[in-house]
Every structure is written in C-alpha cells, then in structure tokens.
Amino acid sequence: MNAPFLQSAEFSDWQRARAFLSTDGIRFIEHLVAALVIVLIGRWVARGLARLTRTLILRSKTDATVAAFVSDVIYVSVLVFAVVSALGWVGFDTTSFAAVIAAAGLAIGLALQGSLANLASGLLLLVFKPFRVGDSVEIGTTAGTVEEIHVFSTLLRTADNVQIHIPNNQVTQGVIKNYSAKEQRRIELLINCGYEDDLPSVKRVLDALVRLESRVLGDPEPSVSVNDFVPAGVQLTVRVWVKSADFADVRSALVERIKLGFDEHKFKLAYRV
C-alpha cells in the first residue's frame, strides 16, 4: 500500500527537478557561464591595461618602481571590478559585498595609515624627483648622500659613513636641500683684516689668492668686496664659483691659502675673542 504513495512522491520530486532545470536551472547555468566569461574577459583587460600603463610610464622615464606599483594597482582594481560584476550575474547581493570590501579597506587603511602615507610620499618622490641617487642633500637636520630611494623610505649615507633610513612622509613634509641639483655653487667667505692694514692691498692679495686655485671658475668672476666694520677689524666678503662636486675641497683649500697669504704679507687676520 505504500509503494504507490512512494512512487507518487518520487514522481513529484522528479517533476519539480525537471521544472527547475527547464526554467531556473537553465537560467542559472547561463548566468554562471556569463559570470565566468566576465571574469576571463576582466582578467584579460586587467593584464592589457596593466601592461600598457607600465609601458607608458617607463617611456616617460619614470622610475620602474612607480611603473610596477601603478600597473599592479590597475590590474587588481579591474580584476576586483570584474569579479564583483560576475557575482552580481550569479545572484549575489553585490551591494552588501561592496560594503564589506569598503569596510575592510577602511579598516586596513586605518591600520596602515603611516605606511600608506610613506607609500604616497615615496611615489611623489619617484615621480617628481627632488633628488636622485648619488645627490648630496640635506633633509631636515640630516645631511648625506642619497644611496637608495624606496616607496616607503629613503636611505642616506652621512659623511662619517652612517646609513640613515628616513620615512618618506618625513622627507616630503620637511625642507629638502639638494646640493647636487645645480652644476655650480658659490663659496662665500667672510675675512676680517685689521684696521691698520692697507685695505686696497688686502683686496688685491685676496683676489690673487683665490685666482691661484685652479678649480675656481672664471665665469662668474671671483669677487672681493668690503662688507662691514666689525669690532675685530674690517670685514671683507670673498665670493667664488666652483663645480658643485668641488665645493668642500675648494673651500678648505681657499681658507688655507688665505691664512698663508696673510702671514706672508704681514696682514692681520683679525678675529674677535
């Protein structure tokens, strides 16, 4: 007596299955195939855009690190958009899914706030190039030679061979002095002679002394001028132009030349105690 009932129930389930496959099931399979096609096309487009972006950035002679980072961001963004669109075709509520992604992104952004600031500053440094590797710079109160520029930090080597890592956020927020940006630099020395010294003779000797230094440039011309009266004597200003790479060595050489020249001509190198 139970057999006809079971057969009837099984027949009813089969009918419902057939109805589902003939209507909603076919539609679901169509949407699933469409979703897969969207993901595949999205992946292809993401790769193409990333490759194109990288090529264009490198052609503009921008740092390879920037090209790689920007192309990766574009690839991931396009791929995420394609996946979200595909989930919408399958039937997922993409609104809530997008909200979850946004919330997760906000949480990650807050957790990595300092790192993201350094990252953004690093990209600015790599794009606008206020300095390059090998430049002699002063960043805030730290001076040295640029060894490496990363997206999160900049590495300097000081004159006493100490390596310093400076977060890029601090680099872009502070004052940057690039001593290697220009081919020439001016050396300015303040020299005091005694009131009893013959001023025209002192000026002639100073001018001759600085011109004896072969690394002093002739254009612009060296200049020696009276600057002021000071308690120790008459203050003169010596200005010469040199190649940026020679600045420290030439300055030291000129100070030595002037001291020896004053001794030779019996001028008083006045200073205040």
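The values are calculated or read from the model by the stated rules, or taken from the named source; none is laboratory data. Quantities reported herein were computed from a predicted structural model and do not represent experimental measurements. All Cβ positions, glycine included, derive from the backbone under ideal geometry; neighbour counts span all protein chains shown. These accessible areas exclude ligands, DNA and RNA; they are computed on the full protein's heavy atoms, side chains included. Shrake-Rupley method; radii C 1.70, N 1.55, O 1.52, S 1.80 Å.
How much length is gained if the chain between E196 and D219 is pulled fully straight, taking 0.36 nm per residue apart and subtracting their Cα-Cα distance, in nm to one decimal?
On the way: separation 23, 0.36 × 23 = 8.28 nm, distance 3.31 nm.
Answer, rounded to one decimal: 5.0 nm.
So if each residue of separation counts as 0.36 nm, and I subtract the Cα-Cα distance between A245 and T141, what length gain in nm does that give?
Using 0.36 nm per residue and subtracting the Cα-Cα distance, I get 35.3 nm.
Within straight cross-link reach of K129, meaning Cα distance under 23 Å, which lysines are found once same-chain residues fewer than 8 apart are removed?
The reachable lysines, counting only those whose Cα sits under 23 Å from K129, are K61, K177, K182, K243.
Mind listing the phi-derived Karplus ³J(HN,Hα) values for region 188-198, rounded to whole Hz, using 6.51, -1.76 and 1.60 with θ = phi - 60°, and x for any glycine or proline?
10, 10, 9, 10, 9, 10, x, 5, 7, 6, 6
Leaving out ligands, DNA and RNA, what percent of the accessible area of region 120-273 is carbon and sulfur, probe 1.4 Å?
52
Under 5 Å between amide H atoms, partner at least 5 residues away or on a different chain: which partners does V230 have, H built in plane at 1.01 Å?
Q235
Please turn the phi angles of region 47-55 into ³J(HN,Hα) values with the Karplus equation 6.51 cos²θ - 1.76 cosθ + 1.60 (θ = phi - 60°), one per residue in order, whole Hz, x for glycine and proline.
Ordered by residue, 3J(HN,Hα) equals 5, x, 5, 5, 5, 5, 4, 4, 5 Hz.
Rounded, prolate or oblate: which fits region 210-269 when a ≥ b ≥ c are the square roots of the eigenvalues of the alpha-carbon gyration tensor, with rounded for a/c under 1.5 and prolate only if a/b beats b/c?
prolate
Provide the gained length on full extension for the span V175 to L212, in nm with one decimal, where the gain is 0.36 nm per separating residue minus the Cα-Cα distance.
9.7 nm
So, by mean Cβ neighbours within 10 angstrom, what's the order for 173-180, 213-220 with the highest one leading?
Details: 173-180: 14.1, 213-220: 12.2.
So the order, starting with the most tightly packed, is 173-180, 213-220.
Modelling each spin label as a point 7 Å along the Cα-to-Cβ direction, I'd like the L49/V80 distance in nm, to one decimal.
In this crude spin-label approximation the distance works out to 1.2 nm.
Which peptide among 224-234, 41-51 comes first, and what is the full order, when sorted by highest mean count of other Cβ atoms within 10 Å?
41-51, 224-234
Convert each backbone phi in region 235-241 into a coupling constant with the Karplus relation 6.51 cos²θ - 1.76 cosθ + 1.60 (shift: θ = phi - 60°), then list the ³J(HN,Hα) values in order as whole Hz, x for Gly and Pro.
Values, residue by residue: 9, 10, 10, 10, 10, 9, 10 Hz.
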